[in-house]
Amino acid sequence: NDISNTYKPRIYISRKRWRSAMTYSIPVSNGVEYDVYLHFAEIYDGAFAEGSRVLDVYVESVLIAFNLDVYKEAGSGNKAYITNTKNVVVNDGFLTIDLIG
């Protein structure tokens, strides 16, 4: 699939099988402010419709996107959508990202 709206289309060539919730814990240094960029694209043509997949996104237990519909926000399937959360401070050694649908 060709992914538009990005200069790094290769990062979108694989996908995770969707579950109702997924958590990523990335080891990082404590006490540092991070800017967190999350890259999304709907690449499954069976979900090429608004409302097909909606999720809440949390970074360090803070809701950063409520009812995120990647297909809708990107404007179509196979198109990148990027969120940016600034000044995230980690205190437990892990940057935690939760996707809940």
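Readers should treat all values here as calculations from the given coordinates under stated rules, not as data from a laboratory. Just so it is clear, the structure is predicted and the values come from calculations on it, not from any experiment. Methodologically, a virtual Cβ is constructed for each residue, glycine included, from the backbone with ideal geometry; neighbour enumeration extends over all protein chains shown.
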message: Using helices alone, I'd like the mean residue ellipticity at 222 nm for the chain: each DSSP H run of four-plus residues gives -39500 (n - 2.57), total over residue count, nearest 500.
response: -1000 deg cm²/dmol
query: Relative contact order for the chain: what is it in percent, counting Cα pairs under 8 Å that are at least 6 residues apart?
result: 43 percent
message: Could you compute the longest span of the chain free of trypsin sites (Lys or Arg not before Pro) located in DSSP loops and having at most 14 other Cβ atoms within 10 Å, not counting the site residues?
response: 20-101
query: To the nearest Å, what is the center-to-center distance of the stretch 67-101 and the stretch 30-57, using C-alpha atoms only?
result: 4 Å
